[in-house]
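The structure under discussion appears below in the form of structure tokens.
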Amino acid sequence: MRKPISLRWRLLVPLIITAIITSALLYFTMRQVTKQAVQATQEALLEKAVTSILEQTRFTESNVEIDLPYNIFTMLGAISEDKVYYRVDLDGLFLTGYDDLTLKNLTVDNEHIFFSSTIFRGVKLRQATVQQLFLVNGKSRLIQITVAQTQLFQEAILRDMSRNAGVIGISFFGFALLVALLATRSFLRPINSLAGTVSRRGAHDLRPVKGPTPPELMPLMLSLNGFISRLTGTLRQTETFIAEAAHHIRTPLSLVKSESQLALRKSKSSENRQHLHNIIESVDMSIRSAGQLLDHALVLYRSEKIDEKRLDLTVIVQHVADNLQPAADLKDIMIKTEIINNGDIFVMADRVLLEVALRNMLDNAIKYSNPDQLIFVKIVLDQNFVRIIVLDNGRGIKGVKTKGIHKRFKRGSNVDDVIGSGLGLAIISEICIILGGSFILKNNKGVGACAILQLPVC
């Protein structure tokens, strides 16, 4: 597929072509005007010369007298180093001057002077010729006067002017190119400004694009704002769907689990108790899987609409720990929270995402810990960062291939017997990226695992 031509080149190419054509026309126009001016000047001098000679011509009864106006020849020679030639003929016979100077065959015309170009002695000449009839003693006499001059000076002037015209043409092209570049830049500035306004926004800024916009770009901005509006509506529908899905999935499953636990306590049959125990485990697996799937969906949604606020981290951590303590009680596990550095610790974060990350960290610790154990949650302030450390006494990750363990649906090789979806670590890692933090999972110094969530403080 052919690469599309950019708007910049779509604008520049016609302007550059126009500049080239204009520069060429300017060059040839100046050259032609100069040529015409030089020729007109020379012809004016030649006309003056032949007219002066004609005025100084007198006829007697037996002869013709001509007083050559040497001042005219001096003027012609003084202008340049060009040579001047002349010839006078009477009744078609050479009278004086240069007999090898080419004659111009003319019809008798007492009003016009004829100009022509010729080659004389290997040099190009410009010559003026005039004819006039005189009546002498009742007899018509025809006199023809020709004055010619070489064109070396004129050609030198033409070369100089052509060179100057070339310089002017090139300069004009450079100026026109600069103007074209500036005009293109000015034309594209509103588009670049609009693109910059959109690109400078955060990933979660879905406000309509506003600002002064040329009429030509209004359809684009209206279309962009329309898309943003539709995207906002879609995200709002997604949030509603996630909330409703969480309610419609978790509530019935929790009810089934509660009823099964009640039946388990009342049942006396070992067979029935085993069946009920299997049902409770299946429901637990379903609740956990559904919860993590909904958490992951929530993370994906909030990543497009993050709501950062200044949060008291100790309050958030204690809140999550208190909510998960009932689940830990089922395994006789105690969650103990400890603040290493006394004092309030605040972070800029999305509360929902932060709670989801903490919940998954503690859920993993509960899930993989043995009964009747302690889970320590430590909050450690270290300069501009705070670390939330979750320590358990479970099976840890020794001997486990950790490559790709943070990816979706990836689980360690030592937890195949434990109910899980493989989303917990992926959810935590994705939330860390969104919140500008980091997540580390490693073995505890003793037994179990150590999960560390690090966030910048404010």
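The simple Förster model, with R0 at 25 Å and r as the Cβ-Cβ distance, assigns Phe187 and Ser223 a FRET efficiency of 0.80.
Rounded to the nearest Hz, the phi-derived 3J(HN,Hα) couplings of the range 322-331 under the Karplus curve 6.51 cos²θ - 1.76 cosθ + 1.60 (θ = phi - 60°) are 5, 5, 8, 4, x, 5, 5, 4, 4, 10, where x marks glycine and proline.
Amide hydrogen proximity for Phe346: with H placed 1.01 Å from N in the peptide plane, the residues at 5 or more positions away or on another chain lying under 5 Å are Leu313, Cys458. Relative to a virtual label point 7 Å from the Cα of Val179 in the Cα→beta-carbon direction, which members of the range 21-59 show backbone nitrogen distances below 12 Å? From the range 21-59, the list is 22-23. Given R0 = 35 Å, the distance between the Cβ atoms of Val167 and Lys48 translates into a calculated FRET efficiency of 0.55.
The label point for Leu264 and the one for Thr22, both projected 7 Å from the Cα toward the Cβ, are 8.8 nm apart.
Quick one: length gained pulling Glu55 to Tyr98 fully straight, 0.36 nm per residue minus the C-alpha distance? Write down the numbers at each step before the final one.
On the way: separation 43, 0.36 × 43 = 15.48 nm, distance 2.00 nm.
The Glu55-Tyr98 span can extend by a further 13.5 nm.
The slack between Ser254 and Phe120, meaning 0.36 nm per residue of separation minus the straight C-alpha distance, is 36.3 nm.
With N set to the number of residues, divide the alpha-carbon radius of gyration of the range 162-204 by 2.2 N^0.38 Å and report two decimals.
Details: Rg = 18.5 Å, N = 43, 2.2 N^0.38 = 9.2 Å.
Scaled against compact globular proteins, the figure is 2.01.
With Rh defined as the Kirkwood radius, the inverse of the mean 1/r over Cα pairs, the Rg/Rh of the range 7-159 is 1.22. Since only Ala19, Leu46, Thr34 are under comparison, the one whose Cα sits farthest along the positive direction of the charge dipole of the range 7-159, derived from C-beta charges on Lys, Arg, Asp and Glu, is Ala19. Put a dot 7 Å past the Cα of Arg230, heading toward its Cβ, do the same for Ile5, and the two dots end up 3.1 nm apart.
Quick check on the exposure proxy: order Phe376, Phe28 from fewest to most C-beta atoms within 10 angstrom.
Details: Phe376 18, Phe28 13.
Result, fewest neighbours first: Phe28, Phe376.
For the range 44-57, backbone phi angles converted through the Karplus equation (6.51, -1.76, 1.60; θ = phi - 60°) give residue-by-residue couplings of 5, 5, 5, 4, 4, 5, 5, 5, 5, 4, 4, 5, 8, 9 Hz, Gly and Pro being listed as x. With 18 Å as the limit, the listed pairs Lys309/Lys378; Lys378/Lys445; Lys210/Lys309; Lys83/Lys124; Lys331/Lys367; Lys35/Lys124 have Lys309/Lys378; Lys210/Lys309 beyond it between alpha carbons. Based on Cα atoms of the range 125-207, Rg over Rh with Rh as the Kirkwood radius reads 1.70.
Any read-out appearing in this document is the output of simple, stated calculations on the displayed coordinates, not a laboratory observation. All figures in this text were calculated on a predicted structure; none of them were measured in a lab. Note that each Cβ is placed from the backbone with ideal geometry, even for glycine, and that neighbours are counted across all protein chains shown.
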